[in-house]
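Remarks on the structure that follows.
The values are calculated or read from the model by the stated rules, or taken from the named source; none is laboratory data. In this text the structure is predicted, and so the values were computed from the model without any measurement. Here Cβ is always computed from backbone atoms with ideal geometry, including for glycine, and neighbour counts include all displayed protein chains.
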Amino acid sequence: MTKELLIEQYIREIQSALHDVSKSSYCSPMYWEWLSDAAHWPLSITEANNFLLGCILDIRASAQDTWENCVFFIEEILESPENVFAIIAEYTEAEWEAEFDAYGLHPERLVHMRVHQISRRIMRLYRGDGRLLWELEPATPREVFKRLTMLGFSNTGATMVVGALKDELYLSGSFDLVADALVTRVVSRVLTGTDTLLSADEIIHVGRYLHQSDPWVLDRPLSSLARRVCRRKAECTACPLADICVYANEYPFSGNDIMLVVLGTITHQMPLSDWFCKEQ
């Protein structure tokens, strides 16, 4: 069997293994505060905005602590307002910053201030109704992601919102893998056999190669592997991919060989100057 055929077989095995992981106990359903418990369709403004606040805060901190702090802030400190963003937007910037220690929403002051900035933008641009972020046309995952990042959501936070909305069927359509630390670590190891991290663009192309119809389907199994076994110090013997992963096994091809096959499927747009010369 030629090297190219061996690589194609390897990639098919990885695709199959990730599918198996997605159906296993490694990937138990995610629970989203206010979103997963919604008793009716569509979400109320209150549920949608509370959920969005949690996603703004869920960055560079313990997820459990972040969401517990968010619930306490909304229910105990603000006494369950109808629109949490309307309340926050009433603060001046200086007043909101002064509550950093008292509210304890996040250990980083920058994230605390981002909450105020995004709240004001949602009030101004979406009339305080976070649901409009995914209800306005075009209501595609990519468009919703763009709206969120334009508001000031981090890439991680925007990805979390889109992924949760897809999981809970409030949003449909294809969505690219986003190169967060977890996904990047696993994909890089599985396809290069090293700890050299792939670029964000390479992660997008890998996702499209491994799952053409909806690369986002790969996010949960990849993230689950990263949290459980493919940590910074990899625990390969406990990994479901242990028998096939090029990071844990010797193969008659290299990570560079694999990436040449995968990235060889990328098509690049021809510059206008090339088209002009071609016409001549």
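Residues in segment 1-56 that are loosely packed, with under 14 Cβ neighbours inside 10 Å, at pLDDT 85 or above and among the small types (Gly, Ala, Ser): SER16, SER24. State whether one or more residues within segment 51-70 are among the charged types (D, E, K, R) and either over 23 Å from ALA181 (Cα atoms) or not assigned by TED's automatic domain parsing to the domain that holds ARG131 (or both). The answer is yes; a qualifying residue exists. Quick one: is SER154 closer than 27 Å to ASN50 by Cβ and either β-branched (Val, Ile, Thr) or surrounded by fewer than 22 Cβ atoms within 10 Å (Cβ to Cβ) (or both)? Here the answer is yes, as SER154 does meet what is asked. Assigned by TED's automatic domain parsing to the domain that holds ARG121, exposed (fewer than 15 other Cβ atoms within 10 Å of the Cβ), under 26 Å from the mean Cα position of the chain (by Cα) and farther than 23 Å from LEU132 by Cα - does that describe any residue in segment 76-89? No, segment 76-89 contains no residue that is assigned by TED's automatic domain parsing to the domain that holds ARG121, exposed (fewer than 15 other Cβ atoms within 10 Å of the Cβ), under 26 Å from the mean Cα position of the chain (by Cα) and farther than 23 Å from LEU132 by Cα. No other residue among PHE253, PHE175 is aromatic (Phe, Trp, Tyr), out of contact with any His (no Cβ under 7 Å at 6 or more places or on another chain) and buried (at least 23 other Cβ atoms within 10 Å of the Cβ) apart from PHE175. Looking at ALA248, ALA234, just one residue is touching a residue at least 40 places away in the same chain (Cβ under 8 Å), surrounded by fewer than 21 Cβ atoms within 10 Å (Cβ to Cβ) and over 18 Å from the mean Cα position of the chain (by Cα), and that residue is ALA234. Could you tell me whether GLY163 is closer than 22 Å to ARG12 by Cα and either surrounded by fewer than 21 Cβ atoms within 10 Å (Cβ to Cβ) or touching a residue at least 12 places away in the same chain (Cβ under 8 Å) (or both)? No.
Taking segment 94-148 as the range and being over 18 Å from PHE51 (Cα atoms), acidic (Asp, Glu) and either in contact with a strand residue (DSSP E or B) (Cβ under 9 Å, 6 or more places away or on another chain) or in a helix (DSSP H, G or I) (or both) as the test, the residues that pass are GLU95, GLU97, ASP101, GLU143. Within the set ARG127, ARG120, the sole residue that is assigned by TED's automatic domain parsing to the domain that holds THR159 and farther than 30 Å from SER174 by Cβ turns out to be ARG120.
Just to be sure before I move on: is VAL178 within 30 Å of ILE244 (Cβ to Cβ) and at pLDDT 95 or above in the structure I sent?
Details: within 30 Å of ILE244 (Cβ to Cβ): yes; at pLDDT 95 or above: no.
No; evaluated as a whole, the condition is false for this residue.
Of the numbered criteria (1) more than 24 Å from HIS112 (Cβ to Cβ); (2) buried (at least 19 other Cβ atoms within 10 Å of the Cβ), the one ALA139 fails is (2). Consider ARG228 carefully, then state whether it is at pLDDT below 95, surrounded by 17 or more Cβ atoms within 10 Å (Cβ to Cβ) and of a type in the set (Lys, Arg). When the stated conditions are applied, ARG228 does not pass them.
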